[in-house]
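The values are calculated or read from the model by the stated rules, or taken from the named source; none is laboratory data. Being a predicted model, the structure only gives us computed values, none of them experimental. Glycine gets a Cβ as well: all are built from the backbone with ideal geometry, and neighbour counts include every protein chain shown. Protein only, heavy atoms only, side chains kept; ligands, DNA and RNA dropped before computing areas. Shrake-Rupley method; radii C 1.70, N 1.55, O 1.52, S 1.80 Å.
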Amino acid sequence: VYTKVMEFGKRFKKYRLENNMTQVEVAKLIGIDQTNISNWENDKTRPEYENLIKLSQIYDVSIDELLGVD
């Protein structure tokens, strides 16, 4: 079962904050601009799958956890 689409951004932000990281820090680790992180967390855009993999590695969670997949 998938979570509601609008919850993706909240989950991305939750894991970032749990890791005590700023959007700028995450963006630098991925190699993208900070505005991309902001857009993801505000449900304006979605990360490409390569960036989902990087986020899951940075936050040390599975992609399923990151996306809220049961």
Q. When Lys10 is evaluated against the numbered criteria (1) within 12 Å of the chain's Cα centre (by Cα); (2) on the phi > 0 side of the Ramachandran plot; (3) open to solvent by 90 Å² or more (accessible area, probe 1.4 Å), which criterion, by number, is the only one it fails?
A. (2)
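Considering region 13-70 alone, what residues qualify as being among the hydroxyl-bearing types (Ser, Thr, Tyr), in a helix (DSSP H, G or I) and loosely packed, with under 13 Cβ neighbours inside 10 Å? If you could, list the steps in order and put the result at the bottom.
Pass one, region 13-70, residues among the hydroxyl-bearing types (Ser, Thr, Tyr): 15, 22, 35, 38, 45, 49, 56, 59, 62.
Checking the rest, the ones that are also in a helix (DSSP H, G or I) come to 15, 35, 38, 49, 56, 59.
Passing the criteria: Thr35, Tyr49.
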